[in-house]
Amino acid sequence: MIEARGLTKRYGRTVAVNALSFTVQPGRVTGFLGPNGAGKSTTMRMILGLDRPSAGEVRIGGRRYMELKEPLREVGALLEAKWVHPNRSARAHLRWMAASNRIAAKRVDEVLDAVGLTAVAGRRAGSYSLGMAQRLGIAVALLGDPGVLLFDEPVNGLDPEGILWIRQFMHRLADEGRTVFVSSHLLSEMALTAQDLVVIGRGRLIAQTSTKSFIESAADSSVRVRGPELARLHSVLAGQGLAVQELPATEDTPATLVVRGSSTEAVGELAGAVGLVLHELTESRGSLEQAFIQMTGGEVEYQAGGGAAPASSGLAVPAGAQAPFAPPGPVPAGAPGFPPPGAVPPPGAVPPPGGGSGPAATRETASRGGQEGTQ
């Protein structure tokens, strides 16, 4: 379980994460959603001890990340797929990670097989495509067989088969009782992957609920109905106070009625009560994308056209969620806690005993030292 309480991160006068509280339950895939600049990556870094909170705390299984003696055995994470020395093979990289947390070497071959990289495990990681690098990052996260897993944009660069694989893989991990926390901008995929959602905007909580409830509370749903006596059907439904819209016939589809704020059961019973024959009666539900845009419309840092988004969208917020708030402003370039890509090793990694030798070991040791200096 992951528990964040009042989590806040400031960079000078800029507030990147603001009094954020949420819980990620085991046995379920929880999606972490928010517009660009909402604070998702910063939050994940604080969970993993890579950034120190300005206020509040986050605990994993009741402990802070820095209190974990062998972190890879308890928490696995994929934050930056390309953090691998380009001249090191996937197998060598995983062996180093395993040695740093006293994980048996045979586990390396097990995770390589699990992510489908066995055939290319001896190739230099620098030659990997983004999709292959993502699979290697997932292998690192799985190395210690942890009970808690965090993934930041795990399907980037994956082909359709790979996306299906990671979706099924995450469901399997959750079914095993693990805590799975996933951040992604691919909302159509998140609708199929995540059972619960944590939605933030400008560093604050907008909603924490099930995916189904989030869609139902924010997105529009309707009933499509048609039959041979369309005018009479329209009159019956409107007479019951329902909002009815008629869609005229086209070359491909016959004329249809769209009823909002009702259900197929209610519409069918009204038609049956007066003896009307129906040829179609289907429910059209809103999508996660529609719900997300509606709920976060006022939390987008910048919109097309160069103007800043309004401070409040004026839209309804699901029960238990916090209302939109005034923007704290963008995170300044080069702010503490935002090193360039590749500068920080994966969470839980430490150099081999003695620091190793050669350019690769020097680079890794320096990176780890820089990470510890920021905690």
- Item | Dimensionless Rg ratio for region 64-131, taking C-alpha atoms and the 2.2 N^0.38 Å reference | 1.16
- Interchain or long-range residues, amide H under 5 Å from Leu247's placed H: Thr256, Leu257, Val258
- What translational diffusion coefficient, in µm²/s and rounded to a whole number, does the Stokes-Einstein relation yield for region 204-292 at 20 °C and a viscosity of 1.002 mPa s, taking the hydrodynamic radius as the Kirkwood radius over Cα pairs? 150 µm²/s
- Note on the structure: Cα-based Rg and Dmax for region 151-300, in Å, come out at 20.1, 55
- Of the accessible area of region 1-129, with the probe set at 1.4 angstrom, what percent is carbon plus sulfur? 46 percent
- Query: Amide H neighbours of Ala55 under 5 Å, counting only residues 5+ apart in sequence or on other chains, H built in-plane at 1.01 Å?
  - Reply: Thr8
- Message: No solvent, one uniform scatterer per C-alpha: report log10 I(q)/I(0) for region 253-293 via the Debye equation at q = 0.18, 0.22 1/Å, two decimals.
- Response: -0.63, -0.81
- Paired Rg and Dmax values of region 118-192, which use every Cα atom, in angstrom: 12.7, 36
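Could you give the accessible area per residue of region 58-164, probe 1.4 Å, as a whole number in Å²? Walk me through the numbers on the way to the answer.
Numbers: 4510 Å² over 107 residues.
So region 58-164 comes to 42 Å² accessible per residue, rounded to a whole number.
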- Task: Could you list the GluC sites (Glu not before Pro) in region 85-188 that lie in coil according to DSSP, counting only those with at most 15 other Cβ atoms within 10 Å of their Cβ?
- Result: Glu176
- Task: Could you work out the equivalent-ellipsoid semi-axes for region 1-107, taking the square root of 5 times each eigenvalue of the Cα gyration tensor, largest first, in whole Å?
- Result: 28, 17, 13
- Rounded to the nearest 0.05, FRET efficiency between Glu110 and Arg5 (Cβ-Cβ, R0 25 Å) equals 0.10
- Message: For Ala77, what residues show an amide H to amide H distance below 5 Å, using hydrogens built from the backbone and excluding near sequence neighbours?
- Response: Ala141, Leu150
- Query: If you plug each phi of region 158-171 into the Karplus form 6.51 cos²θ - 1.76 cosθ + 1.60 with θ = phi - 60°, what whole-Hz ³J(HN,Hα) values come out, in order, with x for Gly and Pro?
  - Reply: 7, 7, x, 5, x, 5, 4, 4, 5, 4, 5, 5, 5, 4
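Find, to one decimal place in angstroms, the Kirkwood hydrodynamic radius of region 163-216, where the mean of 1/r is taken over every pair of different Cα atoms and then inverted.
Details: mean 1/r = 0.0830 Å⁻¹.
For region 163-216, inverting the mean 1/r across all distinct Cα pairs yields 12.0 Å.
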- Message: Using only the Cα atoms of region 54-199, what are the Rg and Dmax in Å?
- Response: 15.2, 46
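The values are calculated or read from the model by the stated rules, or taken from the named source; none is laboratory data. Keep in mind that this is a model prediction, so the values were computed, not measured. With ideal geometry, Cβ positions are generated from the backbone for all residues, glycine too; neighbour counts draw on all protein chains shown. We work out accessible area using only protein heavy atoms, side chains counted, and drop any ligands, DNA or RNA first. Shrake-Rupley method; radii C 1.70, N 1.55, O 1.52, S 1.80 Å.
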